[in-house]
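Everything on this sheet refers to the single structure shown next.
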Amino acid sequence: IIAGTSQHPMTKTASESSAAAQRRSPTRKQTIPGSTKVPASKSSNAKRGGQLFRQPSVGTPRKDLSQTCLAERFREGTIFVHAREPLLGDPLVLLRGSDAKADVSAEDGRVLARLLCSGRVAEVRSSCLVQLDFRPVNGSSSSDYLSAFERLFFAGGVGELDTSNVFGHVELDELTSERLLTHIVDCWPKHDPAPSQGLAWALRPHFVDWLQRRQRLRHFSQLIVSLSDEYIWRELVGSSLGSPPILLPELLLNITERDLLIATLLATPLAQRSRLYTFAAETACPLPLAFPELHCRRQDACAVDNLQQNERGTSVHWDAFASLLARPSGKPLLLSLGVQGCARAGKSALLHELFGLEFASVHPAPAISSTSSSSSARGMCASPAHSPGVDLLQSIHGWVADVHGCSFGDPTWMSLMATLAATASLIIIHLSADDFLIQFEDEPQQVNHAALPRQGGPTRRSGIASSSQQRQQQQQQQQEDQQQQGGGSVRITVRPDLLALLRVAVDTRLPGVGLVGGPRVLALLRDVGDTNAQVLAGMQSCLEAVLGSTFSGICTVNKLVDLHGAHRQRALSNLRKHLQQELNILLETGVAGCLPCIETLKQAFGHFRERLTLPGERPVMYLGIQLSPHSQRGEMLCALLDQAEVRAGGRFLGSLFPVSEAASQLAQLKAKERRLLEEGGDGGNASEPNDARIAELAGQLRALA
C-alpha cells in the first residue's frame, strides 16, 4: 500500500500502547514499486544510460556513522524520505529521534515522524530513512555571489522601506551609464571597505519607471557593459571563511533581469508589491515567486554577517501576486520541475521553445580568482538569486510555474512544491539517466583487497596494486561476456530525491483544489543519446509503478546543446506533439482544474508547512471545510458588481469609469468615420448619403466632447 492511505490511523483518545502499535509500519518483503529488473542487452556495443553504481540500493541506505554522529543525523526537524514499503517515497519530518541511551552503531531503532502527503504520524525504522539535502551544490546559486549581491544592494537601514508611495514619484532623469556610475560612487565611495547604502534604494525609482513604461529590466546589462572597470573597481569580502574577494565588475556582469526584479521587489514596501508585479506582468517577464532568502540588513551587520549557503532558507512571496491572482485564473496550472540529474539542463529554455515564454537564463559561475576553486566545477550558477527558485509566467494555456533547482531538505521549499503539485493540472518532470541507480545483479562481487591485511610487508605494495588492477580488468571482461550471452540482469532503482518528488506529485491532495484524480504527469527523459533500450524500458516501469494512473507517458529528448535550426526543431517535434495532446485532453474534456486565487494558495501552503514545522507529536490533517478556488472577499465583490450592473442597465462600467468609456466610444466613432471617408473617396453616387452620415457622426463626436 502506497504512503498516504488510511492504513495507519491515529486518534487522540487511544492509549499510548495502542497508538504505538498503530504507528508501527510493517516491513514485509515484497517487490519495490520504485525499482524494476530487466534483462541485460545482448549487444555489447550498446551504451547503457546513466552510470554504473556499485553501492547499496535505495532500500538499504548506509552512512559512515563513525564520521557522522547519529544524534546529528536524526535530529528533530530533519526531512527524510522513506525507502521501504508501505511508505516508499513518502517525505517525512522527524518529530522524535532515537533513544539517546541506545547504541550509536544500532541503526535499526525506531523514530517518530510526520508524513508530508497525508499529515499522519508513524513510527518508522531509522534504517529505512534517507536524508534529503537541504541545499544541493549542483545547480544552486553560489553562496559567495549571493552574499555579495545582498551586501551591494541591501546595505543601509530598514527604515528606507517606509516610503509612502514609490509609484507616486515621477523620475525625470533617464538612467544612463553616467547616472549609474554616480549612483555606484554615492552608495560605495572608492576608499570605503563596504557599501554605505544599498544600490537597490538608488535604482528603485529608475526600475519602477521602466516597468511603468513597459520596458524590460534587462537593459541594465547594456549600461554595465558601457562602464569602465577602472571606475567601479571594488572588492567584496566572500561569505565563507578563507574565500577570496569578489570583484564588483564581475558581480554586476552576472546579475540577471530576474535578480534586478527581486531587488526591486524587496526594496518596495509590502503593500505596494502587488502593484509592482502588475506592471512587470505587462512586460511578459518571469515573475519570481520563490528565491533564496535575502535580508535588508543594516550597515553595521554587513561586516560581521557570514551566512553560509546551507543556512539560508527559501522565501516565498505570495503577497506580490495579490492583484494578479485576486480571482481564479480560469485556466489550468502547468508545473515544470526537475531534480539533480537535470540541473542546468535548460528546462526554462525548453519552455521558451515549446510555449514561446520568456525565461530566466543563467550561466555557470566563473572562477573568482586563479587561486580559488572554480565555482563552475562545483556545478553552481552565476546568478546570485536564481536557484532554488520558482517563477510564474502567463501563457495562452494558463499559468506556468517554472522551477529552478531544488532544496528538498528545506521545509519551505517542500511545502511550496506540495502546494503547486496539489493545484496543478499537468506536471512536467525533467529526468536524466543519472536520477536512477543502475546495478548488474549477476556481476561477481568485488573484494576490497586494499583493506586486507598484508602478509609480505611494504616491499609487496606495488605488486598488490598491479594484481588488483588486473582483477578489475578481468571482472569487466566477464561482465561484457555475460552481456553478450544475455545471462545477466539489470536492476534499476529510483534515486531518493526523485522518489520523493514523484510521491509529492501523486499524493499531495487537498479537497476543493486541483483535479479529483490527480494531475497528469509527463516525464521528459533528457539527453538520452545511445542509452540502452532495456534500460529505458526499466526506467519507464519504475515511473509507472510509482505514479500509477497519473502517469501520462515518457518522452525522450536527445541532447540539444549542439543542435540548431531545423535539426533542433526536428528533435523537439515529437515532444511538442505529445505536449499539445496533453493540453488538448485537459481543455477539450473539461477536466482541467483552474489555478485558485491567492488566498486559497496561501491557505494550502500554510497547511503543508504546518505538517513539516509544527512542533509536537500530533498529526496535522486537513479537517476543515472544502477549499474554494474563489476567496470569500472575491465572491462578495463579484456579487456586488453583478447587482450594480443590473441596476445600471448594463452601463455600470461606463458610469464608474466615464473617461475610459468615452475614450472607447471615441475610438469606435473615429474608426467609423475613417471607413466612411474611404468609401466616399472611391467615387460614385454614394457621396451624398455618406456626407449625411459623416455629419451625424460629427454630432456624436461633439456630444462626447
Checklist outcome for this item: Sorted by chain and then number, the residues having a modelled amide H within less than 5 Å of the amide H of THR556, at least 5 places away or on another chain, are LEU525
Checklist entry - Considering amide H positions built from the backbone, and no H for Pro or chain starts, which residues 5 or more places from SER432, or on another chain, come under 5 Å of its amide H? => result ARG526
Item to check | Burial ranking of peptide ranges 217-226, 514-523, 403-412 (average Cβ count within 10 Å, highest at the top) | outcome: 403-412, 514-523, 217-226
Next on the checklist: Whole percent per 5 Å bin, from 0 to the bin with the longest distance: what is P(r) over all C-alpha pairs of the range 578-642?
Outcome noted: 3, 13, 15, 15, 14, 15, 13, 7, 4, 1
Next on the checklist: Quick check: with the 1.4 Å probe, what order do GLU617, GLU178, GLU293 take by accessible area, largest first?
Outcome noted: GLU178, GLU617, GLU293
Checklist entry - In the calculated pair distance distribution of the range 544-621, what percentage of Cα-Cα distances lie above 17 Å? => result 71
Checklist entry - Of TRP233, TRP210, which has the most accessible area and how do the rest follow, probe 1.4 Å? => result TRP233, TRP210
Item to check | THR550 accessible area, 1.4 Å probe, all protein chains in place, Å² to nearest 10 | outcome: 10
Checklist entry - Under Stokes-Einstein, with the Kirkwood radius over Cα pairs standing in for Rh, what whole-number D in µm²/s applies to the range 498-648 at 25 °C and 0.890 mPa s? => result 126
Item to check | Solvent-accessible surface ranking, highest first, for PHE74, PHE355 at 1.4 angstrom | outcome: PHE355, PHE74
Checklist entry - Given R₀ = 56 Å, FRET efficiency for GLU178-SER329 by Cβ-Cβ distance, to 0.05? => result 0.80
Checklist outcome for this item: The answer for SER329, listing residues at least 5 apart or on another chain whose modeled amide H is closer than 5 Å to its amide H, is LEU595
Next on the checklist: From the C-alpha coordinates alone, can you work out the Kirkwood hydrodynamic radius of the range 379-423, in Å?
Outcome noted: 11.8
Checklist outcome for this item: Cα-based Rg/(2.2 N^0.38 Å) for the range 485-528, rounded to two decimals, is 1.73
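The values are calculated or read from the model by the stated rules, or taken from the named source; none is laboratory data. Remember, predicted model here, so these are calculated numbers, not experimental data. Every residue, glycine among them, receives a Cβ derived from its backbone with ideal geometry; neighbour counts consider all protein chains shown. We work out accessible area using only protein heavy atoms, side chains counted, and drop any ligands, DNA or RNA first. Shrake-Rupley method; radii C 1.70, N 1.55, O 1.52, S 1.80 Å.
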